[in-house]
Amino acid sequence: MNATASRRILCSAALLILLSFVGCQNEVVKRRNLVCLIDYSASMSDEVVEGYMNVINNSVLANIGEYDRIVFLPIDAASKTRGAKIFYLDMSEQVFSLPTDGFVHSIDSTRKRILVYAATVGSRVSREIQRQRKLRRKFADLSDITGALEQAAQFVGRANELAPTMSLASFFNGHKRVVSENVIIIFSDMIQESSEFTFATPRGVSPSEAEKILDLLQSRNGIPDLSGCKIFVYGRTGRTNTQVENIENFWSQYFQTAHGDLRAYDYEPDNVIASYLAETR
C-alpha cells in the first residue's frame, strides 16, 4: 500500500471517529414554552380559582419536562396596561440528570427528581397565584382576555430563537440543539369584559358583532401572531347555551386569525391537557 492510500484510510477513519463523537455530543432536546393565563376577574369564585390551581398542579406541572419553561399571567381589567408575571420557571436552570444514574435507569431517575421538584414548585405557584389575586383585586371588575393574549405572545418563542443556527465551534463543543413548541393554556370562562366590548350578555356576542370586533382588532394589530401555538381553554361557561356557543364561535375565529391551533375548548378538559403534555414531554 502506497503512502497516498494510507493517508486516505487514516483520514477516513479520523473523520468517522469525529462524526461519531459529534453525533453523541450534539443532542437534540425538546423544550416547551408553556404560557398559563389565569382569570382574576370578580366573576371567578374562590372555588373556581382553587380548581384552576388543582389542574395546574395535577395536569400541568405533573407533566413538565426537564427543559420546559412556564410563565403565569393574569387576566383582569389591566391585563395589558398593567401586565405582570405571576410566576416564571425555567426548568433548564435546574439539574435533574446525573452522570451516576447509569444508562438503564437514567430516565426514571430524572423523572423522579422532576416530579419531586414540580411538587415543591406547585406549592409556591399556588401561594403566588393567591397572593397576586389579592394584590390585583382593584382590577377585578373586568376581564380583558384579548389584552392578556397580547401579553402571552411576548413569551412565545419564534423559530430562529428556538432552534438557532449553531456556529462550527459550538457544534464541535457539544452544545445541545433545542427544538421547541409553544403551549398556551387559558383558565377562564372566556367571557370578555373590557371597556371596549363585552360578552357578558345572554347572547354573548352575535356572529355579526364578532366579525366587527375581529375587524377592529385586526385594524390596530390587536390579534397577536400565535403561529404554531397549541391552545387549550379550561373553564369556558356561560348563563345560556346561546351565550356559550356564540362566545366559542368568536374565539374559534380569533385563534384561527391568530394562526393558533385550538386543541381544547371546554368546561373541564384537564384530561386532554394532561394527555397532550404527557405525550409531548
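Here, each number is a calculation from the coordinates, and none is a lab measurement. Everything numeric in this text was worked out from a predicted model, so none of it was measured. As a convention, Cβ positions derive from the backbone with ideal geometry for all residues, glycine included, and neighbour counts pool all protein chains shown.
At 0.36 nm per residue, and after removing the present C-alpha to C-alpha distance, how many nm does the segment from Tyr117 to Arg239 gain when stretched out fully?
39.9 nm
Step through the residues of region 123-130 one at a time and calculate ³J(HN,Hα) from phi using the Karplus curve (6.51 cos²θ - 1.76 cosθ + 1.60, θ = phi - 60°), rounding each to whole Hz and writing x for Gly and Pro.
5, 5, 4, 4, 5, 6, 4, 5
Want the number for Thr100 to Ser45: 0.36 nm per residue separation, take away the alpha-carbon distance, what's left?
Values: separation 55, 0.36 × 55 = 19.80 nm, distance 4.77 nm.
So the extension gain works out to 15.0 nm.
No solvent, one uniform scatterer per C-alpha: report log10 I(q)/I(0) for region 29-279 via the Debye equation at q = 0.08, 0.15, 0.18 1/Å, two decimals.
Result of the Debye calculation: -0.33, -1.07, -1.46.
Of all beta bridges DSSP finds with both residues in region 29-279, what is the antiparallel percent, to the nearest 5?
Given both bridge residues lie in region 29-279, the antiparallel proportion sits at roughly 20 percent.
Could you give the length gained on full extension between Ser208 and Gln130, defined as 0.36 nm per residue of separation minus the Cα-Cα distance, in nm?
Working: separation 78, 0.36 × 78 = 28.08 nm, distance 3.79 nm.
Answer, rounded to one decimal: 24.3 nm.
Compute the separation of the alpha-carbon centres of region 171-235 and region 32-51 and state it in Å as a whole number.
Centre-to-centre (Cα) distance: 15 Å.
Return the FRET efficiency for the residue pair Thr257, Ala278: r is the Cβ-Cβ distance, R0 is 30 Å, and the value is rounded to the nearest 0.05.
Numbers: r = 30 Å, r/R0 = 1.00.
Once the sixth-power term is evaluated, E becomes 0.50.
Where does region 182-280 land on Rg(C-alpha)/(2.2 N^0.38 Å)?
Values: Rg = 13.7 Å, N = 99, 2.2 N^0.38 = 12.6 Å.
Compactness ratio reported: 1.09.
In nm, to one decimal, how far is the modelled label at Arg177 from the one at Tyr267, with both set 7 Å along Cα→Cβ?
4.7 nm
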